[in-house]
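Read through the structure below, which is laid out as structure tokens, and then see the notes.
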Amino acid sequence: MEVIFPRQCAACETTLTEHEEHICVSCMLRLPKTNSHLNEIPDGAKKFWGKINVKNTYSFLKYSKNSEVQNILHKLKYKNRPDLAKYLGNWYGAGLKEVGISENLDLLTGVPLHRDKLKMRGYNQADEFGKGLSESMGIEYDSDLIKRNVFTETQTKKSRFGRFKNTEGVFEITDLIKVKGKRVALVDDVLTTGSTLEAAGDLILQAGCSELTIITIALAY
Ligand SMILES: [Zn+2]
């Protein structure tokens, strides 16, 4: 197996040494971290200002085009690497726990994928990242808390306002009791415009969660 598929760093593609796993030591040090868990107002937080009440926003890596971080995200989406997503979750979760963030959270949950994408990919990278966070932070991860509804083309055209609002009615909470009064962290792979996280997060807030936190693998500025 090693000969056909040499173990490569998911970021820079160099061959990993025996003691390295998924990402080489040099990349582990060099990859651009946001360090948002150490900043008073993290860069990602302002994406939700005036939209939904997010208590904290934590993103692990800084995303930019044609970068090693993009390379990692690409592998999570298209190269069948659930193990890599979980590894990143383990790694970041340890850092979050170190500064006491796990003490302020009761439950982790992820933004669900479109059904077709899940079928094609076989896993949801947000879930795998979340499971990694869960392991190292010691907080429960629920992958079924939010359900994504499927809209057909016909339903889209029938929309009341003549246009389909991308996020409205897309998500559903499956267990309201689990959310009520809880400090919930919503997990996704990358925070870009924040519109998907906003829609899912809004729902969690409406279900009565006491504090909403966002955790992502990467942040696009
Ligand atoms: Zn590397």
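The values are calculated or read from the model by the stated rules, or taken from the named source; none is laboratory data. All values reported here derive from a predicted model rather than from experimental measurement. Neighbour counts run over all protein chains shown; Cβ positions are idealised from the backbone, glycine included. Accessible surface areas use protein heavy atoms only, side chains included; no ligands, DNA or RNA. Shrake-Rupley method; radii C 1.70, N 1.55, O 1.52, S 1.80 Å.
List the residue pairs whose Cβ atoms are under 8 Å apart, where the first residue sits in the stretch 118-144 and is open to solvent by 20 Å² or more (accessible area, probe 1.4 Å), the second is among the acidic types (Asp, Glu) and assigned to a helix (DSSP H, G or I), and the two are 6 or more positions apart or on different chains.
Glu128/Asp83; Tyr141/Asp127; Ser143/Asp127
Go through the stretch 39-67 and give me each residue that's among the basic types (Lys, Arg) and assigned to a strand (DSSP E or B). Give the steps one after another, and end with the answer.
Initial filter on the stretch 39-67 (among the basic types (Lys, Arg)): 46-47, 51, 55, 62, 65.
Scanning the stretch 39-67 gives a single hit, Lys62.
Give Ile52, Ile23, Ile72 a once-over and let me know the one that is under 21 Å from Val187 (Cα atoms) and within 11 Å of the ligand (Cβ to nearest atom). Break it down stepwise before answering.
On the way: Ile52 fails: within 11 Å of the ligand (Cβ to nearest atom); Ile23 fails: under 21 Å from Val187 (Cα atoms).
From the options Ile52, Ile23, Ile72, the qualifying one is Ile72.
Just to check your reading of the model, which residue among Leu31, Leu38 is out of contact with any helix residue (DSSP H, G or I) (no Cβ under 6 Å at 6 or more places or on another chain) and within 15 Å of the ligand (Cβ to nearest atom)?
Numbers: Leu38 fails: within 15 Å of the ligand (Cβ to nearest atom).
Just one listed residue meets the conditions, Leu31.
So which residues in the stretch 170-221 are hydroxyl-bearing (Ser, Thr, Tyr) and in a strand (DSSP E or B)? Can you show your working first?
At the first step, the residues of the stretch 170-221 found to be hydroxyl-bearing (Ser, Thr, Tyr) are 174, 192-193, 195-196, 210, 213, 216, 221.
Result: Thr213, Thr216.
Those residues that are surrounded by fewer than 18 Cβ atoms within 10 Å (Cβ to Cβ) and under 17 Å from Leu108 (Cβ atoms), I need them from the stretch 183-195; list them, please.
Arg183
I'd like to verify a number: residues in the stretch 88-101 that are in contact (Cβ under 8 Å) with a residue 12 or more places away in the chain and either more than 27 Å from Glu20 (Cα to Cα) or of a type in the set (A, V, I, L, M) (or both), how many? Give the derivation first.
Applying the first criterion (in contact (Cβ under 8 Å) with a residue 12 or more places away in the chain) to the stretch 88-101 yields 88-97, 99, 101.
Adding the requirement that they be either more than 27 Å from Glu20 (Cα to Cα) or of a type in the set (A, V, I, L, M) (or both) leaves 88, 94, 96, 99, 101.
Count: 5.
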